[in-house]
1. How much accessible area per residue does region 25-68 have, counting only protein heavy atoms and a probe of 1.4 Å, in square angstrom?
2. Compute the distance in nm between two label points, each set 7 Å from the Cα along the Cα-to-Cβ direction, one at H28 and one at R13.
3. If R0 is 41 Å, what FRET efficiency do you get for W4 and Q79 from their C-beta distance, rounded to 0.05?
4. Just subtract the alpha-carbon distance of H44 and A62 from 0.36 nm times their residue separation and send over the number in nm, one decimal.
Amino acid sequence: QAGWQIYALPQARIIHYGGQTMNRVMPHKYELLLSHKMLFFRKHVGEGAANVYRMTLGLSTAAKLLWWTLVGLLQRSHQTSKEKRQLHWYLLKRFLGGSRQ
């Protein structure tokens, strides 16, 4: 859409380790990533798709919060699970509370 030229390099190979960087980011940066994805859905697919994405995000975040709560109860070292619980609780409040779209 921007008028840029597109080039193909068939010999190029990429290995993508999904989510590896996001495991160490601050909650606000993670929130920005997710809100930008929501904007992408809204712009390119429509408001309905953005709402479905938001509901899916809420359900998956709630499941992750439950998971890390259970892990925290079963592990001796609670630091990782505590950080994960805090992240997912923060995201639930921000996205399901409607304060950011």
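1. Ligands and nucleic acids excluded, the result is 64 Å² per residue.
2. Those two pseudo-labels are separated by 4.1 nm.
3. 0.40
4. 3.8 nm
The values are calculated or read from the model by the stated rules, or taken from the named source; none is laboratory data. Here the structure is a predicted model, which means the values were calculated and not measured. Cβ atoms come from the backbone with ideal geometry, glycine included; neighbour counts cover every protein chain shown. Accessible surface is based on the protein model in full, side chains and every heavy atom, while ligands, DNA and RNA are left aside. Shrake-Rupley method; radii C 1.70, N 1.55, O 1.52, S 1.80 Å.
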